[in-house]
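Asker: Would you mind keeping the following structure in view while I ask a few things?
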Amino acid sequence: MSKLRYLNLILGDQLDAKSLLFEDFNHQSDRLWMAEVTAESTDYLSSKQRTVLFLSAMRHFAEQLKSDNYPLLYWSLSDKHNRFYDALSATLKLDSFEKIRCVLPGDVRVINELQQCARDFNIEIEWLADQHFISEKGEFKAWLADRKQPRMEYWYRELRKSRQILIEDDEPVGGQWNFDKDNRKSFGKTGPSKMPEPLLFEADNITRQVILDMEKYLPDLYGNIEQFNWPVTRQQASAALKDFIQHRLKHFGDYQDAMWTDEPWLYHSRLSTCLNLKLLSPKEVIAATEQAYRDKHIPLNAAEGFIRQILGWREYVRGLYWSYRDDWLKMNALNARRNLPALYWDAGTDMTCLHQSVKQVLDHGYGHHIQRLMVTGLFALLWGVKPKAIHEWYLAMYVDAVAWVEIPNTLGMSQYADGGIVGSKPYIASGAYINRMSNYCQSCPFDPKQASGDNACPITTLYWHFVDRHQDLLSKNPRLGMQVKNWYNKSQDEQQAISQRAEYLFRNLP
Ligand SMILES: Cc1cc2nc3c(=O)[nH]c(=O)nc-3n(C[C@H](O)[C@H](O)[C@H](O)COP(=O)(O)OP(=O)(O)OC[C@H]3O[C@@H](n4cnc5c(N)ncnc54)[C@H](O)[C@@H]3O)c2cc1C
Ligand code: SF4
């Protein structure tokens, strides 16, 4: 059997026709390889929405490659390979290659699995740099090395200066680095009005076939698939970006933290899937946003607020994921030991904020940042859910979840399992925060102001329980130390009533 040159692996979140794999591709001696494997939805849970998104985007990408005459080996669900290891083994048994190549996957587990297969077949595997990000290989590590306590803000400023994004004469445009103060508006009593709908994409024949295949080969996944409207091609992703910039970005800054009943998208971009699957590059999203500001189409707080998410947070959590690699899943700084409550899988709860946020995830695989951080994440943190259990839920249920971005956000920012690597303090709040930022409490049987008694808001009760049980940690933080003092300003009777209510909740979650 004569040897081919490169077997080039393309994973489901590497749908980038400009990746390094294509740079020196030879149509005669090289092959492209893609695989749909069942374990990526079952052993490592993935919801219906997420699974259909990945498989549909992969099949659309494969169609494009075939129409561009690339020699592609594609294993689909009907080939019944369980793991990447199995699908790759099957290929290596059929053909012989000098080398396997793959852009570095965004999940250490997948790297290990592919590496193991290459080792077993005694073939070299080369990891190519992922050029889809703004920061380059080694850049974050060098920046981190100089810092005792890294903070996103300084990394973000560094990138803005070095890439000259929203910079004039070496100073930030508008004279300040961030407009966070302007970006915390709620919708008030009347709610969001005249909000332009985002561009939603109907399922085409390829997506419909994916849904049929999923029902046949992966029948037991969580969530719903009656509505599926995510972009699955490069063309759709570009259209979604254009539509967002034209119609909704101008209010992104103002309302980025606000929530509203039955309004999943509000002024958010829905672009994380396009970015994470690599249908869009962060550079083009940032360039288009800056241009819209320079064309006076959007205000500075919207442009800066949106760019900060992608240039700041996205690049920052990626750097941190690789800095702590295998250690993330061992972290449990708050010694959280409880199981994930069942409501996370079926939205079965009277608590309106949680019902709304989880239902949205089941139906669309989506929640915006504040729903993830200050509703589903907050409740798990206050409840004391084991970090690994809540991480598995986030990775399974959100359409945009890939380990490099989900893990630092969930275990670090949201659960403080890292003891303060991603953020400087646990993100905790009582029901008053949710009441201020949404209308959820208006239709909830509980009262966000009450911490004890039958009508008490469970979030408020558990907030005080958390403050009490973690008072040593919180006292060290100037802002949260105040809350410990407030706990001690309560009468003993009040403290006891809150503790009793919390114990009741731990036994009888509503
Ligand atoms: C507990 C938790 C888990 C999360 N898990 C994921 C995840 O698995 N995948 C994911 O892409 N994002 C994750 N995020 C970040 C953020 O919530 C989503 O990126 C965002 O909600 C996606 O919706 P959007 O595209 O409409 O975003 P927008 O609100 O329109 O924001 C614009 C873009 O900024 C980027 N962004 C914003 N915040 C972050 C952040 N903290 N980290 C990285 N990128 C960010 C995203 O690419 C997003 O598309 C998580 C946040 C939390 C608190
Ligand atoms: S009262 Fe409490 S549980 Fe109900 S919606 Fe408000 S914050 Fe959520």
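The values are calculated or read from the model by the stated rules, or taken from the named source; none is laboratory data. All of these numbers come straight from a predicted model, not from anything done at the bench. Using ideal geometry, Cβ is built from the backbone for each residue, glycine included, and neighbour counts are taken over all protein chains shown.
Asker: Take the range 119-159 and flag every residue that is among the basic types (Lys, Arg) and closer than 27 Å to residue 17 by Cα.
Answerer: Narrowing the range 119-159 to residues among the basic types (Lys, Arg): 119, 137, 141, 147-148, 151, 157.
Within the range 119-159, 137 is the sole residue that qualifies.
Asker: Also, I was wondering about something else. Looking only at the range 360-387, which residues are within 17 Å of residue 270 (Cα to Cα) and more than 12 Å from ligand 1 (Cβ to nearest atom)?
Answerer: Within the range 360-387, 362, 363 qualify.
Asker: Kindly evaluate residue 212 against the criterion of being without any contact (Cβ under 8 Å) to a residue 40 or more places away in the chain and within 20 Å of residue 264 (Cβ to Cβ).
Answerer: Against the criterion (without any contact (Cβ under 8 Å) to a residue 40 or more places away in the chain and within 20 Å of residue 264 (Cβ to Cβ)), residue 212 does not qualify.
Asker: How about the range 34-57: which of its residues are assigned to a helix (DSSP H, G or I), crowded, with 24+ Cβ neighbours inside 10 Å and in contact with a His (Cβ under 9 Å, 6 or more places away or on another chain)?
Answerer: 49
Asker: Quick one: in the range 356-376, which of the residues that are farther than 20 Å from residue 436 by Cα and part of a loop (DSSP other than H, G, I, E, B) is farthest from ligand 2 (Cβ to nearest atom)?
Answerer: 365
Asker: Oh, and also: Go through (1) in contact with a strand residue (DSSP E or B) (Cβ under 7 Å, 6 or more places away or on another chain); (2) of a type outside the set (Phe, Trp, Tyr); (3) surrounded by 18 or more Cβ atoms within 10 Å (Cβ to Cβ) one by one and return the number of the condition residue 98 breaks.
Answerer: Only one criterion is unmet by residue 98, namely (3).
Asker: Look through 270, 234 and report the one residue that is within 22 Å of the chain's Cα centre (by Cα), closer than 21 Å to residue 359 by Cβ, outside the structural domain of residue 393 (by TED's automatic domain parsing) and basic (Lys, Arg). Quick ask: steps written out before the conclusion?
Answerer: Numbers: 234 fails: closer than 21 Å to residue 359 by Cβ.
Sole residue among the options that is within 22 Å of the chain's Cα centre (by Cα), closer than 21 Å to residue 359 by Cβ, outside the structural domain of residue 393 (by TED's automatic domain parsing) and basic (Lys, Arg): 270.
Asker: Please verify whether the range 402-417 includes one or more residues that are away from ligand 1 (no atom under 14 Å from the Cβ), touching a helix residue (DSSP H, G or I) at 6+ places or on another chain (Cβ under 6 Å), more than 30 Å from residue 203 (Cβ to Cβ) and not charged (D, E, K, R). Show your work before the answer.
Answerer: Within the range 402-417, the first condition is being away from ligand 1 (no atom under 14 Å from the Cβ), and the residues that meet it are none.
Looking through the range 402-417, none of the residues is away from ligand 1 (no atom under 14 Å from the Cβ), touching a helix residue (DSSP H, G or I) at 6+ places or on another chain (Cβ under 6 Å), more than 30 Å from residue 203 (Cβ to Cβ) and not charged (D, E, K, R).
Asker: Of 435, 455, which residue is polar (S, T, N, Q), buried (at least 18 other Cβ atoms within 10 Å of the Cβ) and away from ligand 1 (no atom under 13 Å from the Cβ)? If you could, list the steps in order and put the result at the bottom.
Answerer: Values: 455 fails: buried (at least 18 other Cβ atoms within 10 Å of the Cβ).
Of the residues listed, the single one that is polar (S, T, N, Q), buried (at least 18 other Cβ atoms within 10 Å of the Cβ) and away from ligand 1 (no atom under 13 Å from the Cβ) is 435.
Asker: Pick out the one residue from 261, 233 that is surrounded by fewer than 22 Cβ atoms within 10 Å (Cβ to Cβ) and within 29 Å of residue 431 (Cα to Cα). Full working, then the answer.
Answerer: On the way: 233 fails: within 29 Å of residue 431 (Cα to Cα).
From the options 261, 233, the qualifying one is 261.
Asker: Here is a follow-up. Is it the case that some residue within the range 290-310 is within 30 Å of residue 363 (Cα to Cα), in contact with a Pro (Cβ under 9 Å, 6 or more places away or on another chain) and more than 16 Å from ligand 2 (Cβ to nearest atom)?
Answerer: Yes, because at least one residue in the range 290-310 is within 30 Å of residue 363 (Cα to Cα), in contact with a Pro (Cβ under 9 Å, 6 or more places away or on another chain) and more than 16 Å from ligand 2 (Cβ to nearest atom).
Asker: Give me the pairs: first residue in the range 406-434 and closer than 14 Å to residue 380 by Cα, second residue of a type in the set (Ser, Thr, Tyr) and away from ligand 2 (no atom under 16 Å from the Cβ), beta-carbon distance under 6 Å, and six or more apart or on different chains, which are they?
Answerer: Close Cβ pairs (under 6 Å, with a partner that is of a type in the set (Ser, Thr, Tyr) and away from ligand 2 (no atom under 16 Å from the Cβ)) amount to 410/394; 426/416.
Asker: How many residues are out of contact with any Cys (no Cβ under 7 Å at 6 or more places or on another chain) and either within 16 Å of ligand 2 (Cβ to nearest atom) or farther than 28 Å from residue 149 by Cα (or both) if we restrict to the range 408-437?
Answerer: Going residue by residue through the range 408-437, those that are out of contact with any Cys (no Cβ under 7 Å at 6 or more places or on another chain) are 408-430, 432-433, 436-437.
Filter once more, so that each one left must be either within 16 Å of ligand 2 (Cβ to nearest atom) or farther than 28 Å from residue 149 by Cα (or both): 427-430, 432-433, 436-437.
Count: 8.
Asker: Being crowded, with 19+ Cβ neighbours inside 10 Å and in a helix (DSSP H, G or I) is the filter here, so list the residues in the range 325-350 that pass it.
Answerer: 328, 344
Asker: I'd like the residue in the range 174-189 that is surrounded by 12 or more Cβ atoms within 10 Å (Cβ to Cβ) and of a type in the set (Gly, Ala, Ser) and, out of all such residues, is farthest from residue 268 (Cα to Cα). Break it down stepwise before answering.
Answerer: Taking the range 174-189 first, the residues surrounded by 12 or more Cβ atoms within 10 Å (Cβ to Cβ) are 174, 176-180, 182-187.
If we keep only those that are of a type in the set (Gly, Ala, Ser) as well, we get 174, 186.
Values: 174: 23, 186: 14 Å.
Among those that are surrounded by 12 or more Cβ atoms within 10 Å (Cβ to Cβ) and of a type in the set (Gly, Ala, Ser), it is 174.
Asker: Quick check on my filter: what residues within the range 486-499 are surrounded by 13 or more Cβ atoms within 10 Å (Cβ to Cβ) and part of a helix (DSSP H, G or I)?
Answerer: Taking the range 486-499 first, the residues surrounded by 13 or more Cβ atoms within 10 Å (Cβ to Cβ) are 487, 490, 494-495, 497-499.
Within the range 486-499, 487, 494, 495, 497, 498, 499 qualify.
Asker: Now, a different point. Could you list, in sequence order, the residues of the range 60-111 that are of a type in the set (S, T, N, Q) and part of a helix (DSSP H, G or I)? Break it down into steps so the answer makes sense when it comes.
Answerer: So the first thing to find is which residues in the range 60-111 are of a type in the set (S, T, N, Q), and the list is 64, 67, 69, 76, 78, 82, 89, 91, 96.
Of everything in the range 60-111, those that are of a type in the set (S, T, N, Q) and part of a helix (DSSP H, G or I) turn out to be 64, 67, 78, 89, 91.
Asker: Given the condition surrounded by 24 or more Cβ atoms within 10 Å (Cβ to Cβ), in the same structural domain as residue 427 (by TED's automatic domain parsing) and within 14 Å of ligand 2 (Cβ to nearest atom), answer yes or no: does some residue in the range 392-406 qualify?
Answerer: No, the conditions are met nowhere in the range 392-406.
Asker: So which residues in the range 156-174 are in contact with a Phe, Trp or Tyr (Cβ under 9 Å, 6 or more places away or on another chain) and part of a loop (DSSP other than H, G, I, E, B), if there are any at all?
Answerer: 166
Asker: Test each condition in (1) within 13 Å of ligand 1 (Cβ to nearest atom); (2) among the aromatic types (Phe, Trp, Tyr); (3) over 28 Å from residue 381 (Cβ atoms) for residue 293 and report the one that comes out false.
Answerer: Only one criterion in (1) within 13 Å of ligand 1 (Cβ to nearest atom); (2) among the aromatic types (Phe, Trp, Tyr); (3) over 28 Å from residue 381 (Cβ atoms) is unmet by residue 293, namely (1).
Asker: A further question follows. Determine which single condition residue 399 fails, assuming it passes every other condition in (1) more than 28 Å from residue 55 (Cα to Cα); (2) not in a helix (DSSP H, G or I).
Answerer: (1)
Asker: Could you check how many residues of the range 180-198 are in a loop (DSSP other than H, G, I, E, B) and either touching a Gly at 6+ places or on another chain (Cβ under 6 Å) or among the aliphatic types (A, V, I, L, M) (or both)?
Answerer: The initial filter retains those residues of the range 180-198 that are in a loop (DSSP other than H, G, I, E, B), namely 184-198.
The next check asks that each one be either touching a Gly at 6+ places or on another chain (Cβ under 6 Å) or among the aliphatic types (A, V, I, L, M) (or both); those that pass are 195.
Residues that pass the stated criteria total 1.
Asker: Take the residues in the range 421-432 that are more than 16 Å from ligand 1 (Cβ to nearest atom) and farther than 20 Å from residue 183 by Cβ, then tell me which one is surrounded by the most Cβ atoms within 10 Å (Cβ to Cβ). Talk me through it step by step, then tell me what you get.
Answerer: Restricting attention to the range 421-432, the residues satisfying the condition of being more than 16 Å from ligand 1 (Cβ to nearest atom) are 430-432.
From what is left, the residues that are farther than 20 Å from residue 183 by Cβ are 430-431.
Numbers: 430: 22, 431: 27.
Checking each candidate, the answer is 431.
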